[in-house]
1. Has region 124-146 got any residue that is among the small types (G, A, S) and modelled with pLDDT under 95?
2. Using the structure shown, decide if V312 is more than 30 Å from G156 (Cα to Cα), part of a helix (DSSP H, G or I), under 23 Å from the mean Cα position of the chain (by Cα) and among the hydrophobic types (A, V, I, L, M, F, W, C).
3. Taking interchain pairs and intrachain pairs at least six residues apart, which have beta carbon atoms under 7 angstrom, with the first residue in region 293-309 and over 21 Å from H226 (Cα atoms) and the second polar (S, T, N, Q)?
4. Go through the residues of region 30-42 one by one and say whether even a single one is part of a strand (DSSP E or B), of a type outside the set (K, R) and either out of contact with any Ser or Thr (no Cβ under 6 Å at 6 or more places or on another chain) or at pLDDT below 85 (or both).
5. Starting from region 113-133, keep only residues that are farther than 18 Å from L183 by Cα, then list their pairs with residues that are assigned to a loop (DSSP other than H, G, I, E, B) whose Cβ atoms are within a distance under 6 Å, requiring at least 6 positions of separation or different chains.
6. Restricting attention to region 53-96, and to residues there that are closer than 21 Å to G118 by Cβ and among the aromatic types (F, W, Y), which single residue is modelled with the highest pLDDT?
7. Say whether the condition of being assigned to a helix (DSSP H, G or I), of a type in the set (A, V, I, L, M, F, W, C), more than 16 Å from the chain's Cα centre (by Cα) and over 24 Å from T172 (Cα atoms) is met by at least one residue in region 254-265.
8. When you go through W187, W173 one by one, which is the residue that is free of Cβ contacts under 8 Å to residues at least 40 places away in the same chain, farther than 16 Å from G281 by Cα, in a helix (DSSP H, G or I) and over 10 Å from the mean Cα position of the chain (by Cα)?
Amino acid sequence: MPAHKIRPGKIMDLTQVSSSSPAQRPSGDAPARHSPLLDDRPFLKRLKPFDWLFALAMVAGAGFALSRYHGFMNYYDKLVLVCAVPVFVVLGWRWKPVRPLMLGIAALSLLAIQIYHGDLARADQAFFLKYFLSSQSAILWMSALFVFATVFYWIGLLTRSPTGAAIGSKMTWAAVLMGFVGLMVRWYESYLIGADVGHIPISNLYEVFVLFSLITALFYLYYESHYNTRALGAFVLLVITAAVGFLMWYSIARDAQQIQPLVPALQSWWMKIHVPANFIGYGSFALSAMVGVAYLSKERGVLADRLPPLDVLDDLMYKSIAVGFAFFTVATILGALWAAEAWGGYWSWDPKETWALIVWLNYAAWLHMRLMKGLRGAVAAWWALTGLLVTTFAFLGVNMFLSGLHSYGKL
């Protein structure tokens with residue numbers, strides 16, 4: 001657990017607030033000499049042998065990917081892979097539960113690639129591909145697990161059952177695992193269709209809805225661990241389940257799960273960094289909105305004794321918006337650079353660009369009011385919830401109702 005100050009209202013389970021007083025600490029549970037909360041040694045000095053083994057495994061995995069699949073990578077792909085290694089290593093050091101997730105994604109993705117034997121037709125022939133590890137199967141598992149996780153989180157919240165919430169949390173982790181495996185395998189499948197078709201699977205609404213669900217879930221799982229409460233899963237998973245519902249409709253109504261060649265405007269390395277940054281922003285904004293719903297519910301006495309304290313909800317709402325705003329700002333800058341390369345100008349007031357600016361201004365104003373004017377309470381929560389509506393229109397509504405330079409993403 002990273003060293004940080006414990007907030008007075010930090011939640012330890014669904015209904016109880018922890019106390020750190022020595023009188024309430026079980027006998028024999030004295031803090032260790034190098035307890036993470038008390039350890040003032042430099043961060044690298046606190047790392048254990050297993051932490052370094054994890055880092056070595058990440059480096060080895062990247063080396064394997066470079067040696068085995070370098071023919072499918074250009075200079076920018078290789079640069080992104082190399083730069084991703086220290087990022088994921090530090091993430092694994094700071095947030096240990098993500099380590100088995102990374103290893104699981106790598107293992108299952110490589111297993112699927114081995115079963116394919118370079119033949120896409122095996123997706124309907126090999127048992128494990130057909131029912132578990134092909135991209136469509138894995139994403140279907142992701143969707144089902146998110147829905148079941150939502151149900152169990154609500155069971156845990158309504159019945160005060162730690163078991164129900166714990167099952168919901170485990171199902172959310174499993175859904176994230178299967179979703180990322182689905183995207184990784186889909187990436188490989190695109191190259192099996194043809195070298196000129198192969199591309200990173202973040203190019204259309206089907207793929208980015210999967211990405212949105214995974215990023216939102218990952219951010220929630222981090223905050224669930226950080227604040228030591230599962231009471232918010234019932235709220236946050238609702239927006240993910242809604243995304244999954246749209247994903248299923250889109251697949252059935254439009255056959256959207258089929259892998260298509262990239263349109264010329266998307267055949268750029270900018271897409272590989274612009275889109276993920278954008279959806280980290282979208283996921284964080286969605287999470288803040290659902291925390292806002294929880295805040296308003298508690299303030300009005302709905303499930304009040306089962307939700308974290310208002311100051312904890314307020315802090316989580318602020319952190320989610322701050323993180324989302326930072327990544328959305330980076331994504332907007334990257335989008336402008338991409339536009340300059342593709343269309344000859346940094347800004348053209350295209351509907352998608354205009355609504356991206358509206359989203360940015362909305363959250364910039366929220367943060368300004370928070371930091372300069374002390375914005376708190378129900379007003380902040382309602383604003384965060386309204387922000388989700390603005391973001392949803394920028395994300396989806398523009399594709400449905402407006403046209404422009406981004407019309408290749410039209411619904």
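1. No: zero hits.
2. Spelling it out, it is not the case that V312 is more than 30 Å from G156 (Cα to Cα), part of a helix (DSSP H, G or I), under 23 Å from the mean Cα position of the chain (by Cα) and among the hydrophobic types (A, V, I, L, M, F, W, C).
3. Going by the 7 Å Cβ cut-off, the qualifying pairs are L303/S297.
4. Filtering region 30-42 for residues part of a strand (DSSP E or B) gives none.
Scanning region 30-42 turns up no residue that is part of a strand (DSSP E or B), of a type outside the set (K, R) and either out of contact with any Ser or Thr (no Cβ under 6 Å at 6 or more places or on another chain) or at pLDDT below 85 (or both).
5. Here the result reads none, with nothing in region 113-133 linked to a residue that is assigned to a loop (DSSP other than H, G, I, E, B).
6. Step by step, filter region 53-96, then rank; the result is F64.
7. Going residue by residue through region 254-265, those that are assigned to a helix (DSSP H, G or I) are 254, 264-265.
Still in the list and also of a type in the set (A, V, I, L, M, F, W, C): 265.
Going one step further and asking which of them are more than 16 Å from the chain's Cα centre (by Cα), we end up with 265.
Next cut, over 24 Å from T172 (Cα atoms) only: 265.
Taking every residue of region 254-265 in turn, at least one turns out to be assigned to a helix (DSSP H, G or I), of a type in the set (A, V, I, L, M, F, W, C), more than 16 Å from the chain's Cα centre (by Cα) and over 24 Å from T172 (Cα atoms).
8. Working: W173 fails: free of Cβ contacts under 8 Å to residues at least 40 places away in the same chain.
Matching residue, one of W187, W173: W187.
The values are calculated or read from the model by the stated rules, or taken from the named source; none is laboratory data. Keep in mind that this is a model prediction, so the values were computed, not measured. As a convention, Cβ positions derive from the backbone with ideal geometry for all residues, glycine included, and neighbour counts pool all protein chains shown.
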